[in-house]
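Below you'll find the structure, written out as structure tokens, and then a few comments.
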Amino acid sequence: NCYLNGGQVRNGRLIVQVDEADLSAAQNGDYEALVTIQHTGGIGMSQTRIRNSMRISLSKYSTRVQLRKLGTVDLGTWDPGVNFLDDREPYCVYSSSGSYRVTASSTTSGSGGAGSYAIEHATVAGKKIDYALYIDDDSNAKRGGVPIANGQTINGMVATTNINCPGNNAGIYVVTTGDLSSAMAGNYSGEIMLTVEPE
């Protein structure tokens, strides 16, 4: 604000910009800064030095969460000498709070009802193979993972607070539970949806 010929004029602008990555990585809370603006005159003006202080404040009370690097679970090809097929898939979860909850769901349920999982034959509808799903907040869900039912939510998962997700810190493990020897030959597939939410 300036005063010219007795009137107030606005002839300047100060823009404060916060980098999105810095804001996402910042902890929740209140932030403040004090900025001092100094004007020392210019052409045709006196060299009177004018200083003003301005306080900048920002409050953040939100949590951001992302799931990255999740690929395809490949159970491979069944060998008659093998009782089950399995595969694990690591991925990374970032949360600005360091924790999250995860829900697993699939539209293809198994013989155990709505809470179970199955992969389905590619060309013959209704031909399925049951499987179990395990989840963990480290990259090896095959060792120490906990079972998660279709539609179930598990709370208290630990995430990285590094928005760049430098490594895998979570994983799923899929293992067939149905009788492979009695299953119809062919290709089977299914889809699992993992939903992560901040805590």
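Could you say whether any residue in the range 130-153 is of a type in the set (Asp, Glu), closer than 20 Å to Leu75 by Cβ and not in a strand (DSSP E or B)?
The first filter runs over the range 130-153 and keeps only residues of a type in the set (Asp, Glu), leaving 130, 136-138.
When the remaining residues are screened for being closer than 20 Å to Leu75 by Cβ, the result is 130, 136.
Keeping just the survivors that are not in a strand (DSSP E or B) gives none.
Within the range 130-153 (the criterion being of a type in the set (Asp, Glu), closer than 20 Å to Leu75 by Cβ and not in a strand (DSSP E or B)), the answer is no, since none of the residues qualifies.
Among what's in the range 180-199 and is within 30 Å of Gln27 (Cα to Cα) and among the hydrophobic types (A, V, I, L, M, F, W, C), pick the residue that is most open to solvent (accessible area, probe 1.4 Å).
Step one: filter the range 180-199 for residues within 30 Å of Gln27 (Cα to Cα), giving 193-199.
Adding the requirement that they be among the hydrophobic types (A, V, I, L, M, F, W, C) leaves 193-194, 196.
Working: Met193: 108, Leu194: 30, Val196: 28 Å².
Among residues in the range 180-199 that are within 30 Å of Gln27 (Cα to Cα) and among the hydrophobic types (A, V, I, L, M, F, W, C), the one most open to solvent (accessible area, probe 1.4 Å) is Met193.
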(message) Considering only residues that are under 14 Å from the mean Cα position of the chain (by Cα) and not in a loop (DSSP other than H, G, I, E, B), which ones fall in the range 66-97?
(response) Gln66, Leu67, Arg68, Pro90, Tyr91, Cys92, Val93, Tyr94, Ser95
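Whether any residue in the range 176-183 is under 17 Å from Phe84 (Cα atoms) and among the charged types (D, E, K, R) is what I want to check. Spell out how you get there, then give the answer.
From the range 176-183, those under 17 Å from Phe84 (Cα atoms) are 176-183; that's our starting set.
From the residues that got through so far, the ones that are among the charged types (D, E, K, R) too are 179.
The answer is yes, given that some residue of the range 176-183 is under 17 Å from Phe84 (Cα atoms) and among the charged types (D, E, K, R).
If you take the residues in the range 154-163 that are in a loop (DSSP other than H, G, I, E, B) and surrounded by fewer than 19 Cβ atoms within 10 Å (Cβ to Cβ), which one is modelled with the lowest pLDDT?
Initial filter on the range 154-163 (in a loop (DSSP other than H, G, I, E, B)): 159, 161-163.
Narrowing further to those that are surrounded by fewer than 19 Cβ atoms within 10 Å (Cβ to Cβ): 161-163.
Working: Thr161: 91, Asn162: 91, Ile163: 88.
Here the residue is Ile163.
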(request) Tell me which residues, restricted to the range 164-179, are closer than 30 Å to Asp79 by Cα and at pLDDT below 95. (result) Gly178, Asp179
(message) Restricting to the range 36-67, count the residues that are loosely packed, with under 12 Cβ neighbours inside 10 Å and at pLDDT 80 or above.
(response) 5
(message) Looking at the range 132-153, I want the residues that are of a type in the set (Val, Ile, Thr) and have a partner that is part of a loop (DSSP other than H, G, I, E, B) with Cβ atoms under 9 Å, at least 6 apart or on another chain. Which pairs are those?
(response) Ile135/Ala141; Ile135/Gly145; Ile135/Ile148
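The values are calculated or read from the model by the stated rules, or taken from the named source; none is laboratory data. A quick note: this is a predicted structure, and the numbers were derived from the prediction, not measured. Cβ coordinates were reconstructed from backbone atoms using ideal geometry, including for glycine residues, and neighbour counts include every protein chain displayed. These accessible areas exclude ligands, DNA and RNA; they are computed on the full protein's heavy atoms, side chains included. Shrake-Rupley method; radii C 1.70, N 1.55, O 1.52, S 1.80 Å.
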